[in-house]
1. Test each condition in (1) part of a helix (DSSP H, G or I); (2) on the phi > 0 side of the Ramachandran plot for B:ALA195 and report the one that comes out false.
2. Check whether at least one residue in region B:570-583 is in contact (Cβ under 8 Å) with a residue 40 or more places away in the chain, within 30 Å of B:GLY471 (Cα to Cα) and either touching a helix residue (DSSP H, G or I) at 6+ places or on another chain (Cβ under 8 Å) or surrounded by fewer than 16 Cβ atoms within 10 Å (Cβ to Cβ) (or both), and report yes or no.
3. Answer with yes or no whether B:GLY401 is within 27 Å of B:VAL673 (Cβ to Cβ) and small (Gly, Ala, Ser).
4. Can you tell me which residues in region B:688-706 are buried (at least 20 other Cβ atoms within 10 Å of the Cβ) and more than 24 Å from the chain's Cα centre (by Cα)?
5. Could you tell me whether B:VAL521 is out of contact with any helix residue (DSSP H, G or I) (no Cβ under 6 Å at 6 or more places or on another chain) and either modelled with pLDDT under 95 or of a type in the set (A, V, I, L, M, F, W, C) (or both)?
6. Which of (1) assigned to a helix (DSSP H, G or I); (2) within 14 Å of another protein chain (Cβ to nearest Cβ) is the odd one out, the single condition B:ALA175 does not satisfy?
7. Which of the residues that make up region B:716-769 are crowded, with 24+ Cβ neighbours inside 10 Å and assigned to a strand (DSSP E or B)?
8. Suppose we keep only residues that are over 27 Å from B:ARG144 (Cα atoms) and among the aromatic types (Phe, Trp, Tyr) within region B:250-299. Which one would you say is farthest from the chain's Cα centre (by Cα)?
Amino acid sequence: MSDRHTVRVTVNGEPRVAETEARTLLSDFLRHDLGLTGTHVGCEHGVCGACTILFDGEPVRSCLLLAVQAEGRTIETVEGLAPDGRDHLHPLQEAFRETHGLQCGFCTPGFLMTLVPFLEENPDPTEHEIRMALSGNLCRCTGYQHIVDAVQLAAKKKTDEGGA
Amino acid sequence: MRLVGRRVRRNEDPRLLTGRALFVDDVQRPGMLHVAFLRSPFAHARINEVDVSMAREFPGVHAVYTAADLGDYWRPGPLLVPPPPVEGSVFHERTQVPLAKDKIRHLGEPVAMIVADSRALAEDASDRIFLDCEPLDAVVDLERALEPGAPLVHDDLDSNIAALVPQRKGDYASARERADVVIRRRLVYDRGASAAIENRGVVAEWDRLTERLMIWDTTQAPIPIRNGLASMLGLSESQVRVVAPFVGGGFGPKIMMFYPEEVLVPWAAIRLDRPLKWIEDRSENFVATTQERGQIHDAEIALTRDGRILGVKDSFLHDTGAYDPYGLTVPLNSQCTLLGPYDVPAYESEFRAVFTTKTIVTPYRGAGRQHGVFVIERLLDAASRELGIDRIEIRRRNFIGPDDFPYANEVIYQDAAPLVYDSGNYEPLLDKAKEMIGWEKFVAEKQPRLRAEGRHVGIGIVAYVEGTGIGPYEGARVQVEPTGRVSVVTGVGTQGQGHYTVLAQIAAEQLGVGVSDVAVVTGDTDQFHWGSGTFASRGAVVAGNAVHAAAKEVRHRMLELAAKHLDAPVEELEVADGGVRLIADPERHIDRGQLASLANPLRGAVEPGTEPGLEATQYFGPYRGATASGVHAAIVEVDPETMLVEVLDYVVVHDCGKVLNPLLVDGQVHGGVAQGLGNAFYEELVYDDEGQLLNASFMDFLLPTSLDVPRVKVGHLETPSPLNELGSKGAGEAGAIPTAALFVQALEDALAIPGFEIREIPLHPSRLWELVRAAKGAEEAE
């Protein structure tokens, strides 16, 4: 059964190497081979979005890729959003905290990784645009309302700063 | 400074937001092996043979167990909640088994357990198990399950009846005789799944040098899990530590004790002397994690001409699935909550719980309450039409008055105590909801205008009560440490409710510290080992009041100690500024850290009759639950071609007594509404006649997305509970309970088809289309 491959990736700016089976999902590789357990797994069939990461800058579901497909690629996970620890949150993380945009927090990393590039591309989104952007991520606790509020707050803070 | 009642942001968020919070699947132990289960592909079958010999030889496999390998450890699980003390009731206890032995009773029931170097290898090996079965007819439909000659789920019983509970209040027969009108309806509420985004999981590790068993479990009730496992495994309770770390959504099904995996993984970890991990995957979750909802009600309501309820009679079937380890909590909630906020003088209700060859039913957010609300609200809607009394008016006329509390309903509730509402004030909820949704203007102006434009827009309003905060008890230990940090430790587990914050607020208020100065520990049996768990919207009420009591005692000790140190009587002192000071001379002050050190001296003696440390443990055990209440209103639009429904406006006016943190209560309400909406419109577990689940994936079992859930406006009214010092009531389930009843009412209003009534849940566009087509056909035929 030995079908092992060496996978080299850049994760959150650091080069990482690990050996893994050909059938290992990228989500499991990140979580169990690299110890980056902030990326969560909810359905493993690409619907819930909890495992969303940035893959060469694009949000993708890490459960729909094999680890070997990530060879040579650049990955960002939730751990990379606040590299200096929990006292230095990313503005979007701050906004989630301010608006109570998370409850159990299990789906949250996937939401963050979906929304960070969204806000970069759409600095001043409408509520409908936000809801469209979120619609591929499932949350069972919040009813999404406070998540929408978080995105609006983060966008507003960024706009205010930009205008100042 | 008042901290309780403020919109405080959460202490736990930074860990969760940065991916640094521990969930069960994040646990990694050296030498850890992985577990997979072979689950039954049949709903109902007799097992001839389970041949695991090939699987045992598969490379990377360490062990394969079947029921035969468990020896004396194989036994049915405990009964979690005993049946209620109701005369004339019947209850057949048939609890789940760790691995199916002779017979399979539901799809996904575990048959064999495989332990291997990796999960993938364990699953590979499970394909090498030869399961020789003789399939039996499935028991899927509730009514057919009770027909003579129906296949039996449990062969030793005469029928598939699991329980029968008759309850009554007053004299319904005479109420019916006196009635001007009697309305009878058959109402159906089908199954759904809670679908927490985190699936279940268990990690177990036996340390043979300290002879201790460590378990990480996605449970809502770590203490009962510890106690039960210690007993099953022949260990002392102090040898077992169960940690429920961060749990990714509970909603009820994570408190089913015991799931087979919870029984087997620790047992095998000891036997193999290796740490073991089992993590449920989504397809397992659809068959192995408990579900809820299937009920069929035949209900009638007797009223006077002016809309006063004289009595209600209900007879219903409740699908309990293949086993009934959770007792009758769900159908009892339905039976009791049907009475709602209304003064119902006579009530005659009887339910039969029915065994089916489907996944076990246990509480899922609302826990049967929504069925009761659905029934009474549907009956009132029908009565409103029949009697020509406005929907709001007929509810108003029947509300229990504000001076009628405590109000005795004379039936037994899920906590085995008589159902007595502690407090409430329902009419202001109705008025506020009506105002917030803009009822008058909508009905008088907007709706006629939109209808003239050809749009199908409707409005609805429903009321409900929620029995919350039941016993038996919870406890908490509060300590001021020499660093000045405050720790609060309690036994309840947390699944996102915000316990790390709300319990901190309660302690901080008493101790004069900031909320972020308080570190809360929940769900670790080594830190606190008395308690029952997080269920029935009870965490903030029961654990909250225990924290409150313990913090008050610590405050008292701080004052007494400071009195000695500052040489002043307690009455002249106040807790402020992070310590204690003289009211008249704030400069004379001692900080709490110093007090903590004084309370734990390194030399000298602690006085007899006192305890070291600035610490106190207290328990809170309410003798009955606190009844929360609310009114929901909504405006919906339906496309008559596609039957797609859009929620244009949604209002919740909620009374959970004293609100501890409005931000968190809003979150609970929003999430509840989203689940209620899913329950009403999207989520249906579709079983075929053979008991196969046809939509066991998120591709086919649809959860509401951000495009489906509306913005919810929340109004809070506060009628404090007299049963606890904080005055609080639970809020966890309120959002989900009346949602289905509300939607069907608003949909009927939107469709405006004469005589059209919706009598079932869940709906989805195609089902709604069928119902409308049938109604229109009937109309044309007339």
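1. (1)
2. no
3. Here the answer is no, as B:GLY401 does not meet what is asked.
4. Across region B:688-706, the qualifying residue is only B:GLY691.
5. The answer is yes for B:VAL521.
6. Evaluating B:ALA175 over (1) assigned to a helix (DSSP H, G or I); (2) within 14 Å of another protein chain (Cβ to nearest Cβ) leaves (2) as the failure.
7. Listed by number, the residues that qualify are B:SER728, B:ILE761.
8. The extreme case among them is B:TRP267.
The values are calculated or read from the model by the stated rules, or taken from the named source; none is laboratory data. If you're wondering where the values come from, they're calculated on a predicted model, not measured in any experiment. Glycine also receives a Cβ, built like all others from the backbone with ideal geometry; neighbour counts cover every protein chain displayed.
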